[in-house]
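Data block below; observations after.
The values are calculated or read from the model by the stated rules, or taken from the named source; none is laboratory data. As the structure is a prediction and not an experimental result, all values here were calculated from the model. Note: ideal-geometry Cβ built from the backbone for every residue, glycine included; neighbour counts use all protein chains shown.
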Amino acid sequence: MIPILYDKTGNVKLGELTNCIECLAEEERNGLFEVSLIYPSNDTLFNSLEEENIIVCNANDTLLNQKFRIYMTRKLMSNRIEVFARHISFDLAYDYVNNIDIQNQSCEYALNTIFRNSQFSTHYKGYSDIINAQNYNMNMANILEAIGGKRGSILDTFGTGAELLRDNENIHVLNKRG
């Protein structure tokens, strides 16, 4: 797939990055998920490869048309630029929840409660195949920490070995991604 560049809202298509020299997606289990690409600086879309704009590309054979927000660019030799972009789910780090206290509920319910109680991330949806009910309590945390990154997070509470699957605005907490 040829990567596609959008403005920071993700609604205005700026163009296809047809002259992309290299585009690599990297995902760590329950951690980093980003793409890096190398692009010629003499192309018409060069000036649009700026922070906050969104690149849409395939992350792997099953995660297609994933959105990545540009967070850094750097000039390389030979009239090239290297672009770094994090998965759109990392926008959740800029939103927070004040207080959530759930008793005896499923992982999917707790995940969607986080999104419902967030300030800006109500359009995200949570899914899970973990069916055991647990108590979940989170205070003053950004959404990403509430899901996985802090003691008492969703990953910490609902599973030993639970794995996060990010599919644009759909967040899955699974026993095993398989």
Residue set Leu49, Leu32, Leu111; condition free of Cβ contacts under 8 Å to residues at least 60 places away in the same chain and over 13 Å from the mean Cα position of the chain (by Cα); output residue Leu49
Given (1) surrounded by fewer than 17 Cβ atoms within 10 Å (Cβ to Cβ); (2) modelled with pLDDT under 95; (3) not in a helix (DSSP H, G or I), number of the condition Asn47 does not satisfy
(3)
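Looking only at region 114-153, which residues are outside any loop (DSSP other than H, G, I, E, B), over 26 Å from Thr9 (Cα atoms) and touching a helix residue (DSSP H, G or I) at 6+ places or on another chain (Cβ under 9 Å)?
Once the filter is applied, which keeps residues that are outside any loop (DSSP other than H, G, I, E, B), over 26 Å from Thr9 (Cα atoms) and touching a helix residue (DSSP H, G or I) at 6+ places or on another chain (Cβ under 9 Å), region 114-153 yields Ser128, Gln134, Asn135, Tyr136, Asn137, Met138.
If I ask for residues that are under 19 Å from the mean Cα position of the chain (by Cα) and either buried (at least 17 other Cβ atoms within 10 Å of the Cβ) or free of Cβ contacts under 8 Å to residues at least 40 places away in the same chain (or both), which ones from region 85-106 would you list? Talk me through it step by step, then tell me what you get.
Let us first name the residues in region 85-106 that are under 19 Å from the mean Cα position of the chain (by Cα), namely 85-97.
Ala85, Arg86, His87, Ile88, Ser89, Phe90, Asp91, Leu92, Asp95, Tyr96, Val97, listed by residue number.
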